[in-house]
Structures are given as C-alpha cells and as structure tokens.
1. Report yes if Asp84 is at pLDDT below 95 and either within 23 Å of the chain's Cα centre (by Cα) or over 28 Å from Leu148 (Cα atoms) (or both), otherwise no.
2. Any idea which of Asp230, Asp203 is of a type in the set (Asp, Glu) and either touching a Lys or Arg at 6+ places or on another chain (Cβ under 8 Å) or crowded, with 16+ Cβ neighbours inside 10 Å (or both)?
3. When you scan the range 43-54, do you find a residue that is crowded, with 22+ Cβ neighbours inside 10 Å, closer than 25 Å to Gly211 by Cβ and more than 25 Å from the chain's Cα centre (by Cα), even just one?
4. Could you please let me know if Asn169 is modelled with pLDDT under 90, under 20 Å from Gly95 (Cα atoms) and not assigned by TED's automatic domain parsing to the domain that holds Thr406?
5. Take Lys206 and tell me if it is basic (Lys, Arg) and under 30 Å from Leu261 (Cβ atoms).
6. Quick one: would you say Gly209 is at pLDDT 90 or above, of a type in the set (Gly, Ala, Ser) and surrounded by 20 or more Cβ atoms within 10 Å (Cβ to Cβ)?
7. Give the number of residues within the range 64-75 that are among the aliphatic types (A, V, I, L, M) and modelled with pLDDT under 95.
Amino acid sequence: MKNQIKIHRKNIKKILQQTLLFNASPTIVARYVQKLIPRSEKVYIVAIGKAAPAMLEGAISSLGRRFSEALLITKQNSISTEFDNDSNIEVIIAGHPIPNDNSLYAGNRLIQFLTTLKGDEQVMFLISGGTSSLVEYLPTSSANSITLTDLKKLNTWLLASNKNIQEMNQIRKRLSGIKAGKLLNYIKNKKVVALYISDVPGDEIKNIGSGLLVQEKLSEGIKNIPAWLDALFKKTQKQQYLKIQNLSKINSYIVFSNIQLRQHLAELAKSMAYQVYNMDEFIAGNTFCESDRIADWLLTQNTGCYIWGAETHMTLPEKPGRGGRNQSFALALAKKIQNNANIIVLVAGTDGNDGNTDDAGAIIDGGTISRGQHNGASLSSCLENANAAEFLLASGDILSLGRTGTNVMDIIIAIIWD
C-alpha cells in the first residue's frame, strides 16, 4: 500500500509539473505574436503581472528586430536576469499582493510610456494576474484624492474579507484612475493588441487586472463595506464614472486559461492510464466549506483521476500564520480523509505561490494528519490561525514548483485507486 501511495504521489506531481512546462507562457505568446503582428511593424510592449516576464520573453523571441521598447511591471522574485542588460526594457518591481510606492510609480510610468509614443504605433499589452496590485494611478486634487496609505488599507482589508475576485475588482475599479478602462484615455490613436493569461473565473477580460483596457459601467452600490471605504468612494465619485475618450481599436485575446490547463492535465493523466474526469464545476466559495464538501464527495467515488479549477476565498485572522488558501484547503481536506488509504489530493496555485509563501500548495493523503501530529504540529491551531504551512511542512506534504511563468488560478487533482 505504501508503494502505491508513493507511485500516485509521484504521478500527481508529474501531471501538474509537466503540463505547466509544456504550456509555458513564452511558447504560447510567441505563437500568438507570429499570427497577429504584421512582419513590417515595430512594436512597443507593456507587460504587467506575475506572468509578465515569461510573456515578454515569448513576445521578444517572436518579434526579433521588430521589438522596439518595453515596460515590464511585475512582482519580486518573478523575474530572472535575462532583461538586466537590455536598455530597451524598463523593469519595475512593484508591490504584490499589497500595492507599494512602486505600484504608484509604475502607474505614472505606464501613462508616460503610452503618451510619449507618437502617431499610430503598434502597442502590445501582455496582461496576467497580479496586475491589480502591481500598477495603479491615483488622480490627485485637493478635494478628491486618496493616498497610498488608503490603498494599502483597502487591499489588506480585501485580502482578509472573504470576497471573491469579481467583488474585489469592483471595489478597486472605483478608486483607480486607470482601471475599468480608464487607461484608454492615454492610448489615443494607437493600434493595440492585448494578450491575456486569465486568472479569473469565467475568463471575462474586464475582470483580468481590473480591466485596464475594458470600459465598464460600474454598478451603483456595493454592499457590506466599512464606513471608511464608503467615505473613499464619496471622495472619488467623479473619477468612478470618468468619461473615456479613445479612438483606438483594441484587439484582445485570451492565450491561456484554467480551462485550457485542465484539458492538458486530463490528456497527460489519460496517457498515464488513469480514468480521467475533467470536472465542469469550478470550485469557488469559502475555502473550508468547499474543502469539506469535496472531501465528502471524494469519499463516495470510484477509482479515477478527478480535476477541478478553483479559486476559493477565506477570512484571515488578525495575525495569520504561513500559508494560503490552497494549503488551508489541502489541510482541511486531509483532516476529512485521514486514515483513508486510497485517496491522494494535490491543491496548488498555478503561479507557484500560495498566500505569503513561496510554495504552490500541497499534496496530501490519508496519512498527512498522523505524520504532522507525530512531528509536533497542532492541527486545530494551524487551521484556526491560517498557519497550514507549518503543519504541512511537519507532515512532509508541501508542494514547491518554483517560478511557473503562468497564472491561471488554482488546480485540484485527486486520484482514487482500489
């Protein structure tokens, strides 16, 4: 039995790792650039997000001498040294998941980069998850300005609020000078191609990166917000409904998504002789409620490999420990299936990071809880204090993937055998 668990643990990790490798962002973006950009045109590039370095790498490799200049805005530890010596690439490392001074600097540089281009140049946007935090522009006036302190408070509250990504972005868009399509005011007359890696359920472009290039009529009211946030909304009421004046045609394409990733995962799992079930249901909702529900369901299922897309949300304690929603999901699920000898589950963020850790998630089985407790970890304390990483390190179940160069939300893979 131990040998079977070892084989399936090895296989489940291989299914995810190899699929991410075969669908690396540089390769995917390069294919799209070859199809979409006329061979005679010089191209200016704006790359923003956690997957932006890999996307930019693919675009430049395809463009060759047609590449002119690029502005790359990304997070710490997501970039290698490949762009360091290229004077045509400006790199800004900004704040994620909480905006910082560099996020505001990036917003100002983005506007400057676009407005200094002359004529009808070809501009390519490469946008992926993390953009909402990494780049921001806050219009300033004596009466209607908000500060970086306000922005940090907002994002800290959002991350702990149990709100989903659509609800978060509706709030962010109201306070921004560039989101909800307001960036279009700085792109006049340009030819624009936008390539997206989707990190949102439903793959709506207006929700990726809070819709920098998609004009959106914001809903009138948002429920269940604190008084200080309502006061910020009133401060910035005029810019929430800023008229957008843009003559450019935006050609937008989603180049990779959670749906596509799951299709490739299923193909690889089938090639390894598993009976595969690529589940249509997207796992959203509260992390612990969904984990319990999926665990109960798995305990009733037959042999096979089950694959879901996911992005749950959880309310954080005042002082959270180490770990994110995937590690919390995995640990709560391990509690439900403990001592079950024929189930193994992988829960991971496809960008390689989960919460405040550099780990992607975890691979758990029926022995996870006993191993962690044997090594001195407290299950109840780790679950209550959002400290799942401590327990999973003790049980030996942490999953580390390194930089993946993509970001298409989360993946759950479960293998059941006889």
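1. Working: at pLDDT below 95: yes; either within 23 Å of the chain's Cα centre (by Cα) or over 28 Å from Leu148 (Cα atoms) (or both): yes.
Criteria met by Asp84.
2. On the way: Asp230 fails: either touching a Lys or Arg at 6+ places or on another chain (Cβ under 8 Å) or crowded, with 16+ Cβ neighbours inside 10 Å (or both).
Exactly one residue qualifies, and that residue is Asp203.
3. Keep residues of the range 43-54 that are crowded, with 22+ Cβ neighbours inside 10 Å, which gives 43, 45-54.
Next, from what is left, pick out any that are closer than 25 Å to Gly211 by Cβ: 43, 45-54.
Narrowing the set further to residues that are more than 25 Å from the chain's Cα centre (by Cα) leaves 43.
Yes, the range 43-54 contains a residue that is crowded, with 22+ Cβ neighbours inside 10 Å, closer than 25 Å to Gly211 by Cβ and more than 25 Å from the chain's Cα centre (by Cα).
4. On the way: modelled with pLDDT under 90: yes; under 20 Å from Gly95 (Cα atoms): yes; not assigned by TED's automatic domain parsing to the domain that holds Thr406: yes.
Answer is yes for this residue.
5. Details: basic (Lys, Arg): yes; under 30 Å from Leu261 (Cβ atoms): yes.
So Lys206 passes the test.
6. On the way: at pLDDT 90 or above: yes; of a type in the set (Gly, Ala, Ser): yes; surrounded by 20 or more Cβ atoms within 10 Å (Cβ to Cβ): yes.
Yes: the conditions hold for Gly209.
7. Initially, the range 64-75 is screened for residues among the aliphatic types (A, V, I, L, M), giving 70-73.
With modelled with pLDDT under 95 added as a condition, the list becomes none.
Residues that pass the stated criteria total 0.
To keep it simple, each residue is scored yes or no on (1) outside the structural domain of Gln263 (by TED's automatic domain parsing); (2) exposed (fewer than 15 other Cβ atoms within 10 Å of the Cβ); (3) closer than 20 Å to Pro201 by Cβ; (4) touching a Leu at 6+ places or on another chain (Cβ under 8 Å).
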residue	(1), (2), (3), (4)
Val276	no, no, no, no
His313	no, no, yes, no
Ser328	no, no, yes, yes
Gln338	no, no, no, no
Ala341	no, yes, no, no
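The values are calculated or read from the model by the stated rules, or taken from the named source; none is laboratory data. Remember, it's a predicted structure, so these values are computed and weren't measured experimentally. Glycine gets a Cβ as well: all are built from the backbone with ideal geometry, and neighbour counts include every protein chain shown.
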